[in-house]
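What follows is a single structure, written as structure tokens, with notes after it.
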Amino acid sequence: AVDDDPDDERTAATDSPGTDNAEPATLRSHAEAVIDEGTATGRLLDETFAVLAETEPADLTAAIETADAPYALVVDGECSQRLLDVAAQHGLDHIVAASTGEFVKKPVGTRVLTAAELQPPEPELEA
């Protein structure tokens, strides 16, 4: 029997680890997928790290303003004061960016990290 339910194919594709189309499940894995791969895009995530929107960095403020319950943002580019302000106004908890600009004011509720700061520390090797 042939199953015509398209959800089964999507589920099977995203559930199997090691496949290219598996959706990242952590903030770090989204940062690797967006920033480390040099995609020049921004990815808006909900609190389960599901992708709400993926867009050009120039369109991120509009994506944040129209998103339903955004939680985190991963951007392959600089986190500017304007982007931080919009993210904080819309309740984002985390921003991970390739780099950060100089912030005149930094909202308390939104944590800003670079991709390098999100990486786990290197284990110390004994000499």
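The values are calculated or read from the model by the stated rules, or taken from the named source; none is laboratory data. Owing to the predicted nature of the structure, the values given are computational and were not obtained by experimental measurement. Cβ: placed from backbone, ideal geometry, glycine included. Neighbour counts: every protein chain shown. Surface areas here come from the heavy atoms of the whole protein model, side chains and all, with no ligands, DNA or RNA. Shrake-Rupley method; radii C 1.70, N 1.55, O 1.52, S 1.80 Å.
At a 1.4 Å probe radius, carbon and sulfur cover how many percent of the accessible area of segment 20-126?
Numbers: 2950 of 6140 Å².
In segment 20-126, the share of accessible area belonging to carbon and sulfur is 48 percent.
For segment 39-127, which chymotrypsin sites (Phe, Trp or Tyr not before Pro) are both in a DSSP coil and crowded by at most 16 other Cβ atoms within 10 Å?
Working: sites: 49, 71, 103; in loops: 49, 71, 103.
Answer in residue order: 103.
So which trypsin sites (Lys or Arg not before Pro) in segment 49-124 pass both tests, a DSSP loop state and at most 13 other Cβ atoms within 10 Å of the Cβ?
Details: sites: 82, 105, 111; in loops: 105.
The qualifying sites are 105.
Tell me, in nm to one decimal, what length is gained between residue 40 and residue 103 on full extension, where the rule is 0.36 nm per residue of separation less the Cα-Cα distance?
Residue separation times 0.36 nm, minus the Cα-Cα distance, leaves 20.5 nm.
Could you work out the local net charge near residue 71, counting Lys and Arg as +1, Asp and Glu as -1, over the other residues with Cβ closer than 13 Å to its Cβ? Kindly include the intermediate steps, with their values, before the conclusion.
Numbers: positive: 43, 111; negative: 46, 47, 68, 93.
Combined, the nearby Lys, Arg, Asp and Glu give -2.
Just flag the GluC sites (Glu not before Pro) in segment 27-118 sitting in loop per DSSP whose Cβ has no more than 15 other Cβ atoms within 10 Å.
Answer by residue number: 37, 47, 102.
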